[in-house]
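A.B. asks: Below you will find the structure I want to go over with you.
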Amino acid sequence: MNLKILILPGDGIGTEVTRAAVDVLHAVAKKFGHTLELTEGLLGGIAIHKTGTPFPDDTRTKAQGVDAILMGAVGLPEFDSAPPSQRPEKGLLELRSLLDVYANLRPVRTYPELIESSPLKNHVISGTDMIIVRELTGGLYYSQPRGIDENRGFNTMAYTRGEVERVTHTAFKLARNRRKKVTSVDKSNVLEVSQFWRKVVIEVAAQYPDIQLEHVLVDNAAMQMVLRPTQFDVMLTENTFGDILSDIGGILAGSIGMLPSASLGAANAEGVIKGLYEPVHGSAPDIAGQNKANPFGAIGSVAAMLEYTFGLIKEANAVNDAVGKVLASGRVTADLKPKGTPATTDQVGKAVSEAL
Ligand code: NAD
């Protein structure tokens with residue numbers, strides 16, 4: 001199979017973890033006899049530096065011509081006080097919107113090998129295996145009106161029926177192949193938009209009588225994730241809530257660097273689901289350029305790409321198995337190894353490629 005992929009390393013540790021993930025992509029393609037057609041593009045702070053905009057036309061064109069995109073992370077401290085419209089993150093929001101990737105899948109697992117890396121007690125996190133389905137192209141991050149003036153800053157959280165329906169279908173279809181439970185997270189005790197969200201979720205759920213549906217308020221959901229994370233299977237939620245809750249997932253998995261993500265839209269006429277694949281973490285300026293970032297989230301995103309966009313399940317499993325072997329061997333970066341000599345980002349990438 002020929003895999004057409006755009007690589008967007010972005011900023012900070014984005015470039016480092018992407019390099020490791022691309023190494024693994026080459027290794028898995030070689031092992032299973034696939035060809036890679038890789039192009040590279042600019043996104044985020046580096047794009048502002050080189051072209052004056054976080055999402056250049058060249059990247060837009062390239063993104064439209066591929067089946068899948070592998071992204072690192074965007075964000076540079078020098079733009080921290082820039083207005084939202086001129087920040088590196090704006091490029092990522094525009095990319096997600098262009099691709100119409102409305103469902104962001106964020107699996108959170110506790111690996112037995114990493115159980116000591118989490119600050120939470122072993123018996124609490126042991127067996128955690130959940131997936132957060134975050135709505136990605138609507139809600140608080142996109143709704144209008146939004147703005148800032150001298151005396152007021154404001155945003156809007158709004159959802160249309162169609163936006164809620166399509167991401168709810170994604171969550172319920174996923175639950176069918178898992179433990180058959182969907183937890184919808186909202187703030188319906190305060191927000192009208194959440195009351196609407198809940199109503200539509202209940203309507204869609206009627207089409208999936210084999211799946212159990214429960215509703216949890218977002219503040220309680222945050223607490224339950226650290227109290228008893230094993231109760232969750234598929235967690236469905238709004239854009240901002242999902243963004244925040246998935247960072248708690250980093251604590252459950254041992255490090256935010258462990259978490260992959262897949263952002264998916266609808267299938268095209270040929271049945272291909274175009275996807276944007278990226279680790280959950282940001283550009284981590286505090287450790288950028290030191291070759292110490294954990295690349296497993298980026299490598300897991302490669303596995304997700306093989307599975308969801310290319311339908312290559314064997315290949316995806318092979319990558320995940322190789323990750324398991326490297327974790328078991330103890331060749332991990334400093335975030336997972338407070339004592340002893342940690343491996344570098346490059347070494348972890350190489351170890352996964354060799355394990356393949
Ligand atoms: P961050 O995820 O970059 O870092 C948070 C903490 O986790 C830091 O201490 C960092 O060192 C650590 N960390 C993150 N990824 C790691 C990895 N792979 N290995 C080891 N440690 C890791 O979040 P932040 O500091 O809030 O944001 C930094 C920049 O990244 C900001 O500009 C922010 O807007 C941007 N950001 C981008 C994305 C994205 O591109 N999808 C997501 C989140 C934040």
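The values are calculated or read from the model by the stated rules, or taken from the named source; none is laboratory data. Treat the numbers as computed from the prediction; the structure is a model and nothing was measured. Please note: Cβ atoms are built from the backbone with ideal geometry, for glycine as well, and neighbour counts cover all protein chains shown. Surface areas here come from the heavy atoms of the whole protein model, side chains and all, with no ligands, DNA or RNA. Shrake-Rupley method; radii C 1.70, N 1.55, O 1.52, S 1.80 Å.
A.B. asks: I'd like to know if the range 263-274 contains one or more residues that are under 21 Å from Pro77 (Cβ atoms) and either open to solvent by less than 10 Å² (accessible area, probe 1.4 Å) or within 13 Å of the ligand (Cβ to nearest atom) (or both).
C.D. replies: no
A.B. asks: Counting only residues that are open to solvent by less than 30 Å² (accessible area, probe 1.4 Å), give me the strands (runs of 3 or more DSSP E) lying completely in the range 1-118 with at least 2 of them.
C.D. replies: Counting at least 2 such residues, we get 2-10, 68-73, 103-109.
A.B. asks: Further question on the same structure: Can you pull out the residues in the range 125-143 that are in the same structural domain as Met223 (by TED's automatic domain parsing) and out of contact with any helix residue (DSSP H, G or I) (no Cβ under 7 Å at 6 or more places or on another chain)?
C.D. replies: Scanning the range 125-143 gives a single hit, Asp129.
A.B. asks: Condition first: part of a helix (DSSP H, G or I), touching a residue at least 12 places away in the same chain (Cβ under 8 Å) and open to solvent by less than 50 Å² (accessible area, probe 1.4 Å). Now tell me which residues in the range 214-229 satisfy that.
C.D. replies: Within the range 214-229, Val218, Ala221, Ala222, Met225, Pro229 qualify.
A.B. asks: Given the criteria among the aliphatic types (A, V, I, L, M) and not in a helix (DSSP H, G or I), does Ala343 qualify?
C.D. replies: yes
A.B. asks: Of all residues being under 18 Å from Thr128 (Cβ atoms) and in contact with a helix residue (DSSP H, G or I) (Cβ under 7 Å, 6 or more places away or on another chain) in the range 236-248, which is surrounded by the most Cβ atoms within 10 Å (Cβ to Cβ)? Just the residue, please.
C.D. replies: Within the range 236-248, the match that is surrounded by the most Cβ atoms within 10 Å (Cβ to Cβ) is Leu236.
A.B. asks: Within the range 52-67, restricting attention to residues that are more than 16 Å from the ligand (Cβ to nearest atom) and in contact (Cβ under 8 Å) with a residue 40 or more places away in the chain, which residue is nearest to Gly10 (Cα to Cα)?
C.D. replies: Only one residue tops the list, namely Lys62.
A.B. asks: Tell me, please, whether a residue that is within 20 Å of His281 (Cβ to Cβ) and open to solvent by less than 70 Å² (accessible area, probe 1.4 Å) can be found in the range 137-145.
C.D. replies: So far as the range 137-145 goes, yes, one or more of its residues are within 20 Å of His281 (Cβ to Cβ) and open to solvent by less than 70 Å² (accessible area, probe 1.4 Å).
A.B. asks: Residues Lys339, Lys350: which one is in contact (Cβ under 8 Å) with a residue 60 or more places away in the chain, open to solvent by 20 Å² or more (accessible area, probe 1.4 Å) and over 26 Å from Glu94 (Cβ atoms)?
C.D. replies: Lys350
A.B. asks: On the given criteria, is Gly289 in a helix (DSSP H, G or I) and within 27 Å of Gly44 (Cα to Cα)?
C.D. replies: It is false that Gly289 is in a helix (DSSP H, G or I) and within 27 Å of Gly44 (Cα to Cα).
A.B. asks: Related question: Please pick out the residue among Leu38, Leu70 that is modelled with pLDDT of 95 or more and within 14 Å of the ligand (Cβ to nearest atom).
C.D. replies: Being modelled with pLDDT of 95 or more and within 14 Å of the ligand (Cβ to nearest atom) holds for just one of Leu38, Leu70, which is Leu70.
A.B. asks: Let me ask another. Would you point out the residue of the range 175-193, among those that are assigned to a loop (DSSP other than H, G, I, E, B) and on the phi < 0 side of the Ramachandran plot, that is modelled with the lowest pLDDT?
C.D. replies: Here the answer is Asn177.
A.B. asks: Within the group Ala284, Ala318, which residue is away from the ligand (no atom under 16 Å from the Cβ), farther than 10 Å from Pro260 by Cβ and open to solvent by less than 30 Å² (accessible area, probe 1.4 Å)?
C.D. replies: Testing whether each residue is away from the ligand (no atom under 16 Å from the Cβ), farther than 10 Å from Pro260 by Cβ and open to solvent by less than 30 Å² (accessible area, probe 1.4 Å) leaves just Ala318.
A.B. asks: Mind checking which pairs have a first residue in the range 69-96 that is under 14 Å from Tyr141 (Cβ atoms) and a second that is more than 8 Å from the ligand (Cβ to nearest atom) and assigned to a strand (DSSP E or B), Cβ under 8 Å, 6 or more apart or different chains?
C.D. replies: Leu95/Leu8; Leu95/Ile69; Leu95/Leu276; Arg96/Ser263; Arg96/Leu276
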